[in-house]
Amino acid sequence: MSFALSKEHLKAVARKRKVVVNFDVLVVDPAIDEDPYALARERLTYADYPDITIDSIWWNWTEGNVVPYPSKRVPSLIHPGYERWVNDGIDIVKVFLDETHERGIESFYAHRINGGDGDPMFLPEVGLIHDGFVKAGKKPPGPWGTYTIPMKEKHPEWLFYSSSSKIGYWNFAIEEVREFILGNLQEIAERYDFDGIDLDFARGAIFPQGEGWINRDSMTTFMRDLRKILLDIEKSRGQSFLLSARVPHDIVGCHFDGIDAERWAEENLVDIFVLGCRSFEVDLLSFKSFTDNTHIKLYAALDDHHSSDSYCTPPIEVFRGVFSNWYRQGANGVQTFNWAHGPYNHMADPGQNWDITIGTPWAKMHGQAYSELSNPGSTKLLDKTFVVQRRGGGHGNEWVPDPETWYTPRRNYHNANMFSQLPLEIPGNPDVDGLIKLYVGDDVNAQSNQVQSIELKILLHDAGNGDYIHVPRSDTPPVAGNNTIDRVIIRDWGIPEREGKDNPIQLHNNPPQKSIEEGIKVHINNIQVDTPSVESGWLVCKIAPLTLATGENLVGISHNNIDAYTSKLVIEKLELHVKYINI
């Protein structure tokens with residue numbers, strides 16, 4: 001069975017859509033007299049910048065089980081600001097949608113397929129509760145902060161539980177669950193003039209642990225049923241209604257989580273695949289192998305809140321490297337998630353200024369990235385940093401293990417970056433390299449006359465003579481020994497600092513002994529490069545453009561006498577810094 005799509009539908013899929021914003025709206029604490037239109041305009045600040053072109057905004061309002069509008073099926077948010085809007089006949093979702101369309105910007109409703117029940121709520125005896133914390137950043141004095149979902153209370157047999165949470169999640173292997181969620185989505189599709197619906201599989205497992213792939217047909221049935229609902233609405237309203245799915249960043253991850261992406265493409269069940277969430281390394285080529293001859297568009301997503309491990313709010317050169325790699329592999333565009341909407345605030349309440357926190361540089365860097373994404377040709381000769389991804393991290397060890405405390409995540413694959421190559425131990429045998437694939441999207445050979453320098457930087461951790469050091473950001477880590485190179489921060493913070501999540505824990509390496517670089521051998525594409533120098537705790541190799549290929553490169557790292565220094569030497573980070581001549 002394959003759905004036939006109209007010419008108008010296919011034309012809508014083919015719209016220019018280079019920059020897509022999955023907007024975690026986060027109107028956490030609206031004032032009782034909050035102007036909804038002014039609020040929407042404030043959330044669209046970057047969209048109104050003249051040097052920024054945002055083609056599509058996907059409004060992500062809640063975790064999916066409560067809503068900000070008066071629903072006949074699910075509860076509404078418990079908050080006086082939202083309740084006032086509802087009582088006054090103001091539909092905040094429609095306000096945001098209309099403001100988006102007035103700017104000529106496409107808009108989707110982004111639905112978290114199986115989010116939690118911890119959306120913002122206000123209780124008189126406690127105050128605002130969000131993410132399980134009261135506004136001041138302390139745990140609430142009681143079992144508050146979790147919404148009661150009537151259908152979950154009525155049908156506990158429809159739920160499954162993860163080992164790290166007391167919240168029950170919908171089991172999509174059960175037909176009644178699928179029918180209930182389909183009804184919720186149909187209500188949204190019939191109520192609003194959205195251009196499409198996005199199903200966000202990055203938020204919540206859809207099946208109990210270990211039961212994903214054997215239940216894949218259940219989710220495919222759900223997608224068929226939703227496709228039919230949306231196409232029927234499309235026909236009745238005379239306007240295309242698209243369907244997108246944000247899925248794991250590679251095919252094996254889709255299979256792990258019970259998503260039969262190949263079948264969905266074969267049957268025309270989706271129009272857009274968004275790959276990954278917090279993954280720099282996205283397997284676009286595998287997805288292209290079964291979508292190239294279809295209408296389906298491919299987007300790669302980047303979350304800079306629950307970021308790729310050790311790269312939260314990185315220098316802009318890192319983002320340029322990531323985007324260069326994605327476009328080289330054939331992405332139709334880039335989706336941002338958990339990015340700032342303006343230069344001064346993000347997670348803050350409306351009007352709160354982040355000048356005194358990390359929020360301002362974080363937000364302004366996003367503005368610069370949006371400007372560059374809007375003019376991708378402008379970045380061709382801008383400095384870039386191409387990095388090798390670290391596994392895990394980003395969500396807290398109970399959800400996704402950190403690299404230094406790694407275990408195989410069984411709950412779901414999405415967000416875990418399970419196959420990432422770092423950290424990697426350098427083999428003790430000098431004839432055996434630690435092998436790492438490094439993707440370089442820029443053709444540095446074609447523009448070698450405009451390259452100022454290329455440096456390969458390697459960060460090592462001496463695990464044989466000491467452990468990692470976890471130190472709060474406001475504290476000073478122990479001074480490295482006299483016989484070691486400088487200590488380096490591996491991970492500065494997991495998420496941007498804010499009220500309730502301030503003074504984050506930083507991860508530092510145990511630095512190797514001095515002269516460690518003398519025994520290091522580095523090969524790129526089997527070409528041995530010069531012995532590295534040590535700069536600020538990093539090993540640095542000068543690289544000639546001819547050494548590099550456009551696309552995948554194989555980096556081999558060995559040591560001719562590790563035992564003289566330590567019993568275990570680990571590569572924590574590997575980065576290629578490309579600097580161009582400023583003309």
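Would you mind counting up the charge near Leu424? Only other residues with Cβ under 12 Å from its Cβ, with Lys and Arg at +1 and Asp and Glu at -1. Here the count lands on +2. Note on Asp33 and Glu125: with the Förster distance fixed at 22 Å, the Cβ-Cβ geometry gives a FRET efficiency of about 0.45. Look at the alpha carbon pairs under 8 Å that are at least 6 residues apart: their mean separation over the length of the chain gives a relative contact order of 14 percent. Normalised by 2.2 N^0.38 Å, where N is the number of residues, the alpha-carbon radius of gyration of the range 357-498 equals 1.29.
Residues whose amide H falls under 5 Å from that of His79, counting only those 5 or more places apart or on a different chain, are Phe122, with hydrogens built in the peptide plane. Over every Cα atom in the range 422-529, the radius of gyration and the widest Cα-Cα span, Dmax, amount to 17.8, 51 Å. If you take all other residues with their beta carbon under 14 Å from the beta carbon of Val177, and give Lys and Arg +1 and Asp and Glu -1, the sum is -2.
Bridgeable lysines around Lys18 (alpha carbons under 23 Å apart, same-chain partners fewer than 8 residues away excluded): Lys7, Lys288, Lys297, Lys364, Lys380, Lys384.
Straightening the chain between Arg15 and Lys235 buys 77.3 nm, computed as 0.36 nm per residue apart minus the Cα-Cα spacing. Distances between placed amide hydrogens fall under 5 Å for His559 paired with Lys521, all partners being 5 or more residues away or on another chain. Projecting label points 7 angstrom from Cα along Cα→Cβ for Gln450 and Lys94 puts them 5.1 nm apart. Of all beta bridges that DSSP places with both ends in the range 7-303, some 25 percent have antiparallel geometry.
If you take the alpha carbon atoms of the range 7-303 and fit the smallest convex hull around them, that volume is 149 Å³ per residue.
A helix-only calculation puts the chain at -6500 deg cm²/dmol for mean residue ellipticity at 222 nm, using -39500 (n - 2.57) for each DSSP H run of at least four residues, averaged over all residues.
Panel order for Ile129, Ile581, by other beta carbons found within 10 Å of each beta carbon, from fewest to most: Ile581, Ile129. When Asp24, Asp486 are arranged by Cβ crowding within 10 Å, least crowded first, meaning fewest neighbours, the order is Asp486, Asp24. With a cut-off of 15 Å between beta carbons, the residues surrounding Thr550 carry a summed charge of +1, where Lys and Arg count +1 and Asp and Glu -1.
For Val451, the residues whose modelled amide H falls within less than 5 Å of its own, excluding neighbours fewer than 5 places apart on the same chain, are Ile581. Counted over the chain, the DSSP beta bridges are approximately 60% antiparallel. With the convex hull of the Cα atoms taken as the outline of the range 3-130, the averaged projected area works out to 9.9 nm².
Neighbour counting of Cβ atoms within 10 Å sorts the residues Trp493, Trp213, fewest neighbours leading, into Trp213, Trp493.
FYI, it's all coordinate maths here, none of it is from the lab. Everything numeric here is computed off the predicted structure, so don't read it as measured data. All Cβ positions, even for glycine, are placed from backbone atoms using ideal geometry, and neighbour counts span all protein chains on display.
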